[in-house]
Amino acid sequence: MKSNHAADRKLRVTGSSRRPRVLKMAALAMAVACCPTLASAISVDAGDYTPLPAGANFAGMYYQHAEDTRIYANGSRVAGGDITQDIGIARFVHYTSIDGFIVNYQVLIPFGHVGGTNQMSGLGNNTGTGDVIFASTVWVVNHPESNTYLGITPFIYAPTGSYDHNREINLGENRWKFALQAGFITPVAPKVMLDLAADATAFTPNHNYGVTGATLTESPLFQAQGWLRYQLTSSFDLRLGGSYVFGGNQTIAGVSQANRQSTPSFLVGAGWFPTKTWQVIALFGRQTSTENGPLETQRFNLRVAHFF
């Protein structure tokens, strides 16, 4: 699981005005209603729902670079400029067995830098830490002989990240988030694996949003994902993934922002085990469209992981 890792976070704009100039100013003033760098939905890497044996551990470091170059409201472009994110995530996982079920315990610690340039320079920039994420997967289907797995993962996002309500860009969200995800893996052809995942995220209010300290609320956010992996060799695979994020309309001081998400995206890349205990994953991709918020036109994800 990458938090989003991942992937996948969305800046937001208000949809309350139809006038282009007002919408453009709104894009600057309201672009960040939640954490701009971390996934509100929960993106997975292909193979994430393959369990390790009880007693095993995983330590991973993620680097994610993304560029947003256009701002949309209600499907129409309202501003240009650039928002650039450079995010790291340290992830630690321990596997155990409970009553015959493989279970893991995870902690993810995000950090990084986000900044706006050109028409988005009014957003400023920020460097800091994101909200710490705690998660635990239980595998209800675990058939290594057929490479078929089904896991269920609850997530808790604690409001520990850097947050200043006077800033437009924050890496922390000043609110709790709770998510539930299911992930499934099965072979579909010789050397070809299919990964599917779906999740829902619920949000508590942020009672100190913006310079006025208003209350921000958000409706549940949903995501569906799929990956295909082709195993070229025992240690190297090619992978293609797609995601669709939807929902998450926000209100500020009780006023709907009409900024519901509807965002498809894709990633393509490779996974490589240079040794039996080290893995490198590199992915490139982008969002193909968005209804509200910045359109992510470039993304590069790198993961280096050690299994022990």
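The values are calculated or read from the model by the stated rules, or taken from the named source; none is laboratory data. Here the structure is a predicted model, which means the values were calculated and not measured. Here Cβ is always computed from backbone atoms with ideal geometry, including for glycine, and neighbour counts include all displayed protein chains.
Here are the numbers for the structure shown:
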item	result
Near pairs, Cβ below 7 angstrom, 6+ apart or cross-chain, from the stretch 214-227 (buried (at least 16 other Cβ atoms within 10 Å of the Cβ)) to any residue that is among the basic types (K, R) and at pLDDT 95 or above	W227/R239
The stretch 122-165 - residue that is in a loop (DSSP other than H, G, I, E, B) and of a type in the set (A, V, I, L, M, F, W, C) and, of those, farthest from D48 (Cα to Cα)	A158
Residue satisfying all of: in the stretch 262-273; polar (S, T, N, Q) and crowded, with 17+ Cβ neighbours inside 10 Å; farthest from K191 (Cα to Cα) among these	T263
V245, sole failed condition from (1) of a type outside the set (F, W, Y); (2) closer than 25 Å to Q85 by Cβ; (3) without any contact (Cβ under 8 Å) to a residue 24 or more places away in the chain	(3)
Filter result (surrounded by 15 or more Cβ atoms within 10 Å (Cβ to Cβ) and either hydroxyl-bearing (S, T, Y) or farther than 27 Å from L180 by Cβ (or both)) within the stretch 231-261	Q231, D237, S243, Y244, T251, S256
T96 being among the polar types (S, T, N, Q), free of Cβ contacts under 8 Å to residues at least 60 places away in the same chain and within 22 Å of F155 (Cα to Cα)	yes
Positions within the stretch 166-181 being part of a loop (DSSP other than H, G, I, E, B) and surrounded by 16 or more Cβ atoms within 10 Å (Cβ to Cβ), in sequence order	R167, E168, I169, N170, L171, G172, E173, N174, R175
Counted residues, the stretch 162-192 - those being out of contact with any His (no Cβ under 9 Å at 6 or more places or on another chain) and closer than 18 Å to A202 by Cα	9
Strands (runs of 3 or more DSSP E) contained in the stretch 182-246 and holding at least 3 residues under 24 Å from R286 (Cα atoms)	192-203, 221-231
Test: residue in the stretch 189-209 that is closer than 19 Å to L150 by Cα and either surrounded by fewer than 15 Cβ atoms within 10 Å (Cβ to Cβ) or of a type in the set (K, R) (or both)	yes
Residues of the stretch 262-279 that turn out to be touching a Ser or Thr at 6+ places or on another chain (Cβ under 6 Å) and under 23 Å from A179 (Cα atoms), as a count	3
Conditions (1) outside any strand (DSSP E or B); (2) of a type in the set (D, E, K, R); (3) without any contact (Cβ under 8 Å) to a residue 40 or more places away in the chain; number of the one not met by E291	(3)
All positions within the stretch 275-305 that are closer than 18 Å to Q225 by Cα, crowded, with 19+ Cβ neighbours inside 10 Å and not polar (S, T, N, Q)	I281, L283, G285, E296, R299
Selection within the stretch 265-274 - over 15 Å from the mean Cα position of the chain (by Cα) and under 14 Å from W227 (Cβ atoms)	V268, G269, A270, G271
